[in-house]
Amino acid sequence: MITVYNTMTRKKEEFHPLREGEVSIYCCGVTPYNDPHIGNARPFVTWDVIRRYLAHKGYRVRYIQNFTDVDDKIINAANREDVTWKEISDRYIAAYFTAMDALNVRRADVFPRVSETMDDIIRMIETLIERGYAYVTETGDVYYSVEAFAPYGCLSGRSLDDMEAGARVEVNATKHHPMDFALWKAAKPGEPSWDSPWGKGRPGWHIECSAMSVKYLGEAFDFHGGGSDLIFPHHENEIAQADPCIDADVKFARYWLHNGFITIDNEKMSKSKNNFFTVKDILKEYPGEVIRFFILQTHYRSPLDFSDERLQEAQTALARLKGANEVIDELLKREGTADTAADLAAQSEAFLRDFDAAMDDDFNTALAISQMFGLAKEINRYHQEVERGAVFDAAHFRTAAEAYRKMAGIIGIFEQDDAAPADDGLTNAVMDFVISLRQEARAEKNWVLADKIRDGLKEAGVLIEDTPTGVRWKRA
């Protein structure tokens, strides 16, 4: 049974899908006005693993993730560059896909855009006005009336009185309450606008996700996710907008999951503070799978402090797992009938059960990954036994290999071919020559030279392994 921490109830709950055998997910996407930073990437990597795991459990998953392509930040960026808002949003939507592809994040089923969902947004605003939850001002703006929605604050746990007392809100005499928020903004010079019953304008920030999630997933769906910074006001306002428009008994999202921040020196990473690192820049130093692995080594609800040291640690740890995967590649080419891997097969099934148990407990990727390390160690141990002369057991080893790769497929690693391009055999010829020099030095007991060759190769990214059947080399 899968349990998840539901922000709405502030406790772990058993997950029961709205429809048997199906799971529906809406995750708030990016506002494309800049290259995505590592903090932006965390929710998408997190939900990618959740999707993979739910599919592993046999569910049919429908996943929706939006682009907020109409926004003040996009308009400001367009004005600075003297281009259209669409050029900015298209450019950085493409940058988003490039970054997420590098992190092995699979594409959503639908990526709705605000600019392409305008009719649905306007219809939802009309419904809110008709039902007494919104009002039109003389300026053509439309505001949501927070006092009209009794449960307002249910997600964040805040009361209107507390919010009003601590709020820094712009004085606006047209509002009925200081915490009322914009559903529709009247057109201003130099801004994009669309026709509406209240005149030309564009949507407020929050209404888009209410309209898009209902459009693509229905009036009720299973999961709604995003970063912790979206709990208030964005997700709180989504609920306030969507619930009054839904006539069904089960309303809107049933489970709210929020990932923790990525921090730098224990301070939240954000573009507004200019203390962020883009995925594009990090990819210049580290492969995408290392960045992904760095994110997943910590439980999604916990804060994650970003540093070069932590990335290096993730790279080293991932290399250990890749090493076991290379051993699997090598041994699967062999044949053999024996029972020498029977214990390994049983162990692999136990590791996989524990992996699933970790994921069942609020998608604990950190604990799940520890099971991969456990199985990797046993696979390497069996490999050493075979190298020492044990008869290879193909059938049982295949069971262990399948378990290991099933875990890897859920975590989303070993999916990139980071091998060097094929050459004309020069690399192998040079390496054979270097290894022969090292072997001659060892035969002459010139350990200083032998170690110097080994260490020099390691610095160049090449690892030398002395095995009972000879010397092997591989790229680090």
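For the reader, a short list of remarks on this structure follows.
- Among Met372, Ile264, Trp194 - extreme Cα towards positive end, dipole of the chain, charges at beta-carbon: Met372
- Cleavage-rule hits, trypsin sites (Lys or Arg not before Pro), the range 265-341, DSSP coil, Cβ neighbours within 10 Å at most 11: Lys273, Lys284, Lys333, Arg334
- Under the Karplus curve 6.51 cos²θ - 1.76 cosθ + 1.60, θ = phi - 60°, whole-Hz ³J(HN,Hα) for the range 72-82, x wherever Gly or Pro sits: 4, 5, 5, 4, 5, 5, 5, 5, 5, 8, 6
- Efficiency of FRET from Cβ geometry, Ala150 and Met1, R₀ 35 Å, rounded to 0.05: 0.60
- Our note on the geometry: Cα centres of the range 310-335 and the range 1-21, 34 Å apart.
- FRET efficiency, 1/(1 + (r/R0)^6) with R0 56 Å, evaluated for Ala55 and Val391 via beta carbons: 0.90
- Comparing Cα centroids, the range 356-372 and the range 112-148 end up 42 angstrom apart.
- Loop-located GluC sites (Glu not before Pro) in the range 51-160 (DSSP state other than H, G, I, E, B) with a sparse environment of at most 12 neighbouring Cβ atoms within 10 Å: Glu138.
- Its relative contact order, with pairs defined as Cα atoms under 8 Å and 6+ residues apart, puts the chain at 16 percent.
- Computed extension length for Ala350-Lys251: 31.7 nm, one decimal, from 0.36 nm per residue of separation with the Cα-Cα distance subtracted.
- The range 308-411, relative contact order in percent, only Cα pairs under 8 angstrom and at least six apart counted: 42 percent
- Pair Lys86, Thr316: separation of 7 Å Cα→Cβ label points (nm): 5.1 nm
- Neighbourhood net charge (10 Å Cβ-Cβ; Lys/Arg +1, Asp/Glu -1) for His258: 0
- Lysines whose Cα lies under 26 Å from that of Lys86, excluding same-chain neighbours fewer than 8 positions away: Lys73, Lys185, Lys188, Lys200, Lys215, Lys271, Lys273, Lys280
- The range 3-259 shape via C-alpha gyration tensor axes, a/c threshold 1.5: oblate
- Residues within the reach of a label modelled at Thr263 (point 7 angstrom out along Cα to beta-carbon, backbone nitrogen below 12 Å), restricted to the range 282-312, are 302-306.
- On the basis of the beta-carbon distance and an R0 of 56 Å, Lys200 and Lys11 show a calculated FRET efficiency of 0.75.
- Matching label, Cα extents along the principal axes in Å computed from the structure shown, candidates [x] 93, 50, 38; [y] 69, 54, 44; [z] 84, 51, 42: [x]
- Potential lengthening between Phe232 and Lys452 on full extension [0.36 nm per residue; Cα-Cα distance subtracted]: 73.4 nm
- GluC sites (Glu not before Pro) lying in DSSP loop within the range 279-362, provided at most 11 other Cβ fall within 10 Å: Glu335
- For Lys452, the aspartates and glutamates whose Cα comes closer than 18 Å to its Cα, not counting residues fewer than 8 places off in the same chain, are Asp432, Glu440, Glu444, Glu465, Asp466.
- Surrounding net charge for Gly201, when Lys and Arg each add one and Asp and Glu each subtract one, Cβ distance under 11 Å: +1
- Percent of beta bridges antiparallel (DSSP, the chain, rounded to nearest 5): 55 percent
Each value in this text was obtained by applying a stated rule to the coordinates, not by laboratory testing. All values derive from a computational prediction rather than experimental measurement. Backbone-built Cβ (ideal geometry, glycine too); neighbour counts: all protein chains shown.
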